[in-house]
Amino acid sequence: MTALHDEVNVLVVGAGAAGAAFTWRLASMGVAVTCLEQGEWQSPESSLTSLENWESKRLRERSPNPNIRRNAADYPILDDTSIIKPAIFNGVGGSTILWSAHTPRFRPSDFRVKSLDGVGADWPISYWDLAEYYEINDEIMGTSGSHGDPGNPPRTPRTTPPVPLGLAGSRIADALNDLKWHWWPSDGNILTLDRGSRKACNGCGPCEMGCATGARASVDITYWPEALALGAELRTGATVRRVLVDTTGRATGVEWTDHAGQERVTHAIVVVMACNGVGTPRILLNSVSKEHPRGLGNSSDQLGRNLMLHPIPVVTGVFDEDVQSWSGNDAFALLIQEFYENDESRDFKRGYEMQVTRGQGPLVTALGGFSHDIPWGLGHHEAFEKYFGHVATVAVTCEDLPHPNNRVTIDPSVTDRCGVPAARMSYELEENSKKMIKHGVKSATALLVKAGARETHAKPFAPSAGFHLMGTARMGSNPKESFVNQACRSHDVPNLLVIDGSVFASAGAVNPTPTLQAVALRAADLLREDALV
Amino acid sequence: MNTLLDRFTDDLLPGNDHWPAATEIEVGAAMQHLASTDSEQKSLFYRLLDFLENHKERPALAEILEAKDSELFGFAKVLAFEAYYIHPKVREVVASRSMYANRSPQPAGFPVVTRRVIPWNEDEILWRSDGTERSNEVLIEQKKDPKKTWTVEEIRQWRR
Ligand SMILES: Cc1cc2nc3c(=O)[nH]c(=O)nc-3n(C[C@H](O)[C@H](O)[C@H](O)COP(=O)(O)OP(=O)(O)OC[C@H]3O[C@@H](n4cnc5c(N)ncnc54)[C@H](O)[C@@H]3O)c2cc1C
Ligand code: SF4
């Protein structure tokens, strides 16, 4: 088949959280920008939460695991070598279609873990470089919360008040006050008041299936409409197979397949990768050439390495009171950062955050929820009644340290619909993580008991929680130890950028999306400032 | 429907005064329907039927499957629970035995019953300096007035 050729200015690959923010920012400065996205637009109805059998859909076509969901746009991610399984979405909006929208920020120390605590790697930028971009992102996404958290640097007043604590959340907040553990109402990209066409959250629960009201932001309803109105171009059903380079080592564009199976080549002045911490290294590792035999821009051999996922131990508390745990947005109401910073008296480095989750319907509860076990057989219904509506789960987000053997590689023995090799995730828990997990489980258990839980059940990590994908093309000043520089530009290929979570040099212990969006916005400004486009 | 599958599903989900047994709401047939949408699930489902056929003389089918093939058991349990808990009759029982409403989450949503709790620490600044001058400056200013309302313009000044 003869490939069709065309030419654009800036070419972004991936229309998820990072790609959308970057495209919007460039478009707002009048730069011509085109984005290729392998998936399609999603409608609000696609959340499926209005169906009677909605919970069944959650296990199937709305599963966050692409290997279970197997939509047309999903590519295989081989995960038998990873104890944590991938959770992503492929379509306009990327994984924000399924995310829970909990949006805490990195703290200043997260950017300097090597200098301060002697582990991992420092970023070549600081919190202060990103602060302004966090604000821009909060405004566009729409952020509920309460400013004035003394646990973090100052920020502006939030778009709407915080989400309600709920019955379990209020009990836990009381317990935190008794324990004198620092907490604060969480920031989240969930509106608690109407804003334009987006309605206030009505507490329906399963945000991870998509939000029918538009209360929960996803970039298809925030950044993308604005970016398109500013003249950006978005092509869907466009699966990028590899990035092309010329003999001088510059990227010249990408090779891709459209939804009709037609092969295409789009030439560009700048190529920007935003396919997430698995998708980006997959395409770059597949972009081998004589000049780049280990994958594009990979002279450092860092591409795909240092995969950080945040191991998330979970502890569920069971209360006598019916705390109606099926109501309220599913993943957050309060942010608990008592154990966030490094503490030399502990047997591990760095720290963790705790968040309180809810929103589980009958089926998920019957299947054991996050961490309790419900017997089958004679005792089943009695146990179900004891748990359903009566539980709250504390999820402990542990900082992950970069390790070269935790990585993404490609495996040509399995391919996607366009013949692109599958990604393989290899990931094991490190000693430091294991110790941190132990500490986190102990703290979460103590908290739930203080809040009045009659019994608690713990799991050392949630195996399905592979949604924070970081580190696989990391940022650094030393080209031998990192893939991109402080402007997100490849050390080896000057007109190739990576702007998603792949560039994280450290993982922090918070959900990564506002940080990766701030990084993407900043990268757009720097590209413009350097007059590259 | 397959009587062996009925026996198996009633082992998993027996009824009582409030809850229907799996066979009362034909969980076996619903499992077959759910599995038919996907070739991998379909073949696992047929493996399940084969297993049950090969062990039909034994009394406790679910217990044997769990002991002999935990993976297949896991698949069958999830499928049976899925078929059971999405059934209208079971949803009615769930609603009558809890505070849950018998409807899908949308379009009406669920009211979130809540209470206001104020964090105990509203003033003591807890974040750690990254060692930069900027960190120290901001810390000093935030300590002076923890409740100050900051503007984007002020925050923009922090950039290097
Ligand atoms: C269930 C779930 C819950 C989550 N909860 C939270 C949360 O509460 N808070 C938080 O901060 N984060 C959360 N996340 C993570 C968050 O969604 C991601 O951090 C964020 O979306 C990553 O942004 P990204 O742009 O890097 O990648 P994505 O948003 O994943 O977008 C990547 C896009 O690239 C496209 N793409 C990939 N390969 C190709 C190709 N070859 N050609 C063309 N297009 C391609 C994909 O189709 C996809 O649309 C959650 C994720 C999930 C799945
Ligand atoms: S709980 Fe609120 S934010 Fe979450 S899906 Fe329902 S309406 Fe949307």
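Brief remarks on what is shown
- Assessment of region A:49-61 against the conditions (modelled with pLDDT of 95 or more, under 20 Å from the mean Cα position of the chain (by Cα), within 16 Å of ligand 2 (Cβ to nearest atom) and closer than 21 Å to A:Ser95 by Cβ) yields no matching residue.
- Scanning region A:174-198 for residues that are charged (D, E, K, R) and either surrounded by fewer than 21 Cβ atoms within 10 Å (Cβ to Cβ) or more than 18 Å from B:Arg116 (Cα to Cα) (or both) yields A:Asp174, A:Asp178, A:Lys180, A:Asp194, A:Arg195, A:Arg198.
- Restricting region A:328-349 to residues that are touching a helix residue (DSSP H, G or I) at 6+ places or on another chain (Cβ under 7 Å) and more than 25 Å from B:Val113 (Cα to Cα) leaves a set whose member that is nearest to the other protein chains (Cβ to nearest Cβ) is A:Glu341.
- Test: A:Arg358 is basic (Lys, Arg) and within 10 Å of another protein chain (Cβ to nearest Cβ): yes
- Apart from one condition, A:Ile84 fits all of (1) more than 29 Å from A:Pro153 (Cα to Cα); (2) in contact (Cβ under 8 Å) with a residue 60 or more places away in the chain; (3) within 16 Å of ligand 2 (Cβ to nearest atom); (4) outside any helix (DSSP H, G or I); the exception is (3).
- If the condition is being outside any helix (DSSP H, G or I), of a type outside the set (D, E, K, R) and more than 10 Å from chain A (Cβ to nearest Cβ), then region B:57-73 contributes only B:Pro59.
- Qualifying residue in region A:300-322 (condition: open to solvent by 10 Å² or more (accessible area, probe 1.4 Å), under 30 Å from A:Ala423 (Cα atoms) and either within 14 Å of ligand 1 (Cβ to nearest atom) or modelled with pLDDT under 95 (or both)): yes
- Condition met for A:Asp74 (farther than 24 Å from A:Asn202 by Cβ, within 14 Å of chain B (Cβ to nearest Cβ) and crowded, with 20+ Cβ neighbours inside 10 Å): yes
Yes/no matrix, rows are residues, columns are (1) modelled with pLDDT under 95; (2) over 22 Å from the mean Cα position of the chain (by Cα):
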site	(1), (2)
B:Met1	yes, yes
B:Asp10	no, yes
B:Asn16	no, yes
B:Glu26	no, yes
B:Ala29	no, yes
B:Ala35	no, no
B:Phe45	no, yes
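- Identification of strands (runs of 3 or more DSSP E) wholly contained in region A:399-485 with 2 or more residues that are open to solvent by 10 Å² or more (accessible area, probe 1.4 Å) and over 30 Å from A:Arg70 (Cβ atoms) yields A:455-459.
- Options A:Pro44, A:Pro76, A:Pro64; residue that is touching a residue at least 12 places away in the same chain (Cβ under 8 Å), closer than 23 Å to A:Arg424 by Cα and within 16 Å of ligand 2 (Cβ to nearest atom): A:Pro64
- Matching residues, region A:125-173, being under 30 Å from A:Asn478 (Cβ atoms) and either open to solvent by 10 Å² or more (accessible area, probe 1.4 Å) or of a type in the set (Ser, Thr, Tyr) (or both): A:Ser126, A:Tyr127, A:Glu132, A:Tyr133, A:Tyr134, A:Ile136
- All positions within region A:229-247 that are at pLDDT below 95 and among the hydroxyl-bearing types (Ser, Thr, Tyr): A:Thr247
- Residue match in region A:501-522 (condition: among the hydroxyl-bearing types (Ser, Thr, Tyr), more than 22 Å from A:Ser115 (Cβ to Cβ) and surrounded by fewer than 19 Cβ atoms within 10 Å (Cβ to Cβ)): no
- When restricted to residues that are of a type in the set (Ser, Thr, Tyr) and more than 11 Å from chain A (Cβ to nearest Cβ), region B:1-56 contains 5.
- The lone criterion from (1) over 24 Å from A:Ala423 (Cβ atoms); (2) open to solvent by less than 30 Å² (accessible area, probe 1.4 Å) left unmet by A:Thr239 is number (1).
- When region A:1-13 is filtered for residues that are within 15 Å of ligand 1 (Cβ to nearest atom) and open to solvent by 10 Å² or more (accessible area, probe 1.4 Å), only A:Val8 remains.
- Filter result for the condition that a residue is at pLDDT 95 or above, within 15 Å of ligand 1 (Cβ to nearest atom) and either assigned to a helix (DSSP H, G or I) or of a type in the set (Lys, Arg) (or both), over A:Trp99, A:Trp41, A:Trp24: A:Trp24
- Verdict on A:Gly30 being under 23 Å from A:Asn495 (Cβ atoms) and crowded, with 17+ Cβ neighbours inside 10 Å: no
- Only one of the listed residues (A:Ser109, A:Ser115) is within 11 Å of another protein chain (Cβ to nearest Cβ), open to solvent by 10 Å² or more (accessible area, probe 1.4 Å) and more than 30 Å from A:Tyr387 (Cα to Cα). That residue is A:Ser115.
- The number of residues in region A:370-382 being more than 26 Å from A:Lys435 (Cβ to Cβ) and open to solvent by 10 Å² or more (accessible area, probe 1.4 Å) comes to 5.
- Number of positions in region A:356-388 that are of a type outside the set (Phe, Trp, Tyr) and in contact with a helix residue (DSSP H, G or I) (Cβ under 8 Å, 6 or more places away or on another chain): 16
- Tabulated pairs, region A:48-59, first of a type in the set (Gly, Ala, Ser), second open to solvent by 50 Å² or more (accessible area, probe 1.4 Å), C-beta under 8 angstrom, 6+ apart or interchain: A:Ser50/B:Pro107
- Comparison of A:Glu263, A:Glu233, A:Glu208 shows that the only residue that is closer than 26 Å to A:Gly30 by Cα and either surrounded by fewer than 23 Cβ atoms within 10 Å (Cβ to Cβ) or not basic (Lys, Arg) (or both) is A:Glu233.
The values are calculated or read from the model by the stated rules, or taken from the named source; none is laboratory data. On a predicted model such as this, the values are computed, not experimentally measured, just so you know. Glycine gets a Cβ as well: all are built from the backbone with ideal geometry, and neighbour counts include every protein chain shown. Areas reflect the complete protein model, heavy atoms only, side chains present, ligands, DNA and RNA absent. Shrake-Rupley method; radii C 1.70, N 1.55, O 1.52, S 1.80 Å.
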